[in-house]
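The values are calculated or read from the model by the stated rules, or taken from the named source; none is laboratory data. It should be emphasised that the depicted structure is a prediction, and the values quoted were computed from it without experimental measurement. Please note: Cβ atoms are built from the backbone with ideal geometry, for glycine as well, and neighbour counts cover all protein chains shown.
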Amino acid sequence: MALGLYWATACLAAFIAVLTLDISRFFSRKNHFDVDGKTVVITGGSQGLGRGLARLLSSKGANVVIVARDQPKIDIALKYTASAAKSPQSQRFHGISADVRSPEENTRLLEEVTRWNDGQPPDIVWANAGSSHPALFIDTTLETLRSQMDINYWAATYLAHATLRLWLKPSSTPSNTGSSYVKPAQPRHFIITGSSTCFVGVAGYAPYSPAKSALRSLADTLRSELNLYNGYRRANPQQGPVADVKVHCVVPGTIQSPGLAQENLSKHPVTRVLEEGDPIQTEDEVAAAAVKGLERDGYLITTQWLGHAMRAGTLGGSPRNNWLFDTVSAWVVNVAWLYIGPDMEGKVFKYGKSNEVKLPS
């Protein structure tokens, strides 16, 4: 009995030690997202998370292109971004005013970036544009439901479609050749900014969370499909695409930003009840967590503890960032959800029971 207890304790200690090392990426310290000298396009880059990302990537040596609709805001964001440059003498910065809800605008902005980038496509494209209009489903007009899908799903989808068609051209095509052209050793990255609302249905986010859930599904599908082209490139380096392509989905929670102030104008009180105690991060904190996840080769990247827990409990067929941590976390979260789920539903029920609820006329 004592011997068995000894070995059980030893195995548990070894498991915890390995888990701790694995979580800290002790076994893999390679930077999988080195942006030094790379050209990065960020949509929705003039404020909020986009602005934080632009500044952080600038500090790591990237050439940054900010895309947004408001040119004066773009100009301010460019100065803010350039002020953090790692190598001010060599880094370049550019702004493009575009409405990414239009497929033609996404094609145009990539063409402009390619011309600005000495005839070469960007190395990294970050589909970050989006906005949230929280409200109860029946209180939301059909026009708003459609516009939320346009900016939060279709804008990223149009950009993904145009970017991948550009990146997956054969290396022998004119756009990928030239006397000074060197085949990239590093993969290209397409990154989608989602939301932790894609993991859990929350009363009051019906106009917004379905679009973000669709983005997660799109990212899963693109990740699977890109294996086809990456595999072909490995077998046919002269005829295949210039570089491997990787897809990532970053899913932050609440961000302290101008967008949050706008959200709060339409947010239902019951949604505020459900969000009580949720962590709120600054744009810089989210940007740092997102880039750190990319440097660790993460795929579905959360940025704070609540998002980590939500992701672990709803991974389904999505790839694991860390098989050991994700598996153990999923066990814990699935047990915890036996209490969390009923508690959240009970709060909504209690609110309806205790307050006047607007009904459709």
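Here are some notes:
- The range 319-342, residues that are surrounded by 15 or more Cβ atoms within 10 Å (Cβ to Cβ) and among the hydroxyl-bearing types (Ser, Thr, Tyr): Ser329
- Here Val270 meets the list (1) of a type in the set (A, V, I, L, M, F, W, C); (2) at pLDDT 90 or above; (3) in contact with a strand residue (DSSP E or B) (Cβ under 8 Å, 6 or more places away or on another chain) almost entirely, failing just condition (3).
- Against the test of being modelled with pLDDT of 85 or more and of a type in the set (A, V, I, L, M, F, W, C), the options Leu324, Leu315, Leu294 yield a single qualifying residue, Leu294.
- Pick from the range 226-265, criterion in a helix (DSSP H, G or I) and in contact with a helix residue (DSSP H, G or I) (Cβ under 9 Å, 6 or more places away or on another chain), ranking: farthest from Asp284 (Cα to Cα): Tyr229
- Contact annotation: residue pairs with Cβ atoms under 7 Å, 6 or more positions apart or on different chains, pairing a residue in the range 90-101 that is closer than 19 Å to Asp36 by Cα with a partner that is in a loop (DSSP other than H, G, I, E, B), are Gln91/Gly61; Gln91/Ala85.
- Verdict on Leu164 being more than 27 Å from Lys267 (Cβ to Cβ), modelled with pLDDT of 95 or more and assigned to a helix (DSSP H, G or I): yes
- Any hit, the range 70-91, residues being over 20 Å from the mean Cα position of the chain (by Cα), within 15 Å of Ala156 (Cα to Cα) and surrounded by fewer than 22 Cβ atoms within 10 Å (Cβ to Cβ): no
- Of the residues making up the range 270-318, those that are crowded, with 20+ Cβ neighbours inside 10 Å, free of Cβ contacts under 8 Å to residues at least 40 places away in the same chain and not in a helix (DSSP H, G or I) number 1.
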